[in-house]
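Just so it is clear, none of the values below were taken in a lab; they were calculated from the coordinates. These numbers come from a predicted model, not from an experiment. So basically every Cβ, Gly included, is an ideal-geometry build from the backbone, and we count neighbours across all protein chains shown.
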Amino acid sequence: MEKGDGKPKKGGASKWMIRVASIGALLLVSIGGYTILTNNSDSGASKQPSADEQGAGVPKNDTANAQDVNTPQLTKVKTGNDLEGDLLTLENAKKIEVEIKATKGNTNISVGNKVNNVEESYEIKVGEQRKLNADQFIWFRLMKPSNTQIKVNGEEVDTTAQDVPKSYRIQLKK
């Protein structure tokens, strides 16, 4: 048997109980906060109705929307040699409208209505934009395509990782 001085020991069981109660309180506060945050983010004010909810009570129509059919569609048909360039076809458009914007740096542009037949050449600097129009066909060459954003009738052409000169051919398909 241990001999003591008659006074109760400090700490022991009471410190252990305080620690358990503190951990429990932290867990409750954390879970409560998480529940409140997730419930608020799912509230009806910011939630968009699903496709099923939008069409509830309305008969479904399996035909395509006329606007979808008439949206210009740009398709890469063929990869050409260096000067010839990639051939892209444009459908559902009356004419070809190309927007070239220098976004990351300057670039030089050469433009023509035939492959490698330069009719116009110029430089665009960061922030500048140039518009090209054609009825049936346009060819253009960029000295640094990765510095630019190219849109053909609103459809973007991927120019990432193209740090060498590259040509593009756009053909209107009717």
Taking 0.36 nm per residue of separation and subtracting the Cα-Cα distance, what length does fully extending T75 through S14 add?
14.5 nm
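A 18 angstrom limit on the alpha carbon distance is what I want to check against. Which of K114/K144; K95/K125; K144/K173; K114/K173 exceed it? It would help to have the intermediate numbers written out before the result.
On the way: K114/K144 21 Å; K95/K125 26 Å; K144/K173 28 Å; K114/K173 16 Å.
Violating the 18 Å Cα-Cα cut-off are K114/K144; K95/K125; K144/K173.
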Using packing as a proxy for protection, rank 95-101, 24-30, 72-78 so that the peptide with the highest average count of other Cβ atoms within 10 Å comes first.
95-101, 72-78, 24-30
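Which trypsin sites (Lys or Arg not before Pro) in segment 121-172 pass both tests, a DSSP loop state and at most 10 other beta-carbon atoms within 10 Å? Walk me through the numbers before you get to the answer.
Details: sites: K125, R130, K131, R141, K151, K166, R169; in loops: K125.
Sparse-neighbourhood loop trypsin sites (Lys or Arg not before Pro): K125.
Want the number for S22 to D82: 0.36 nm per residue separation, take away the alpha-carbon distance, what's left? Write out the running numbers ahead of the final one.
Working: separation 60, 0.36 × 60 = 21.60 nm, distance 7.06 nm.
So the extension gain works out to 14.5 nm.
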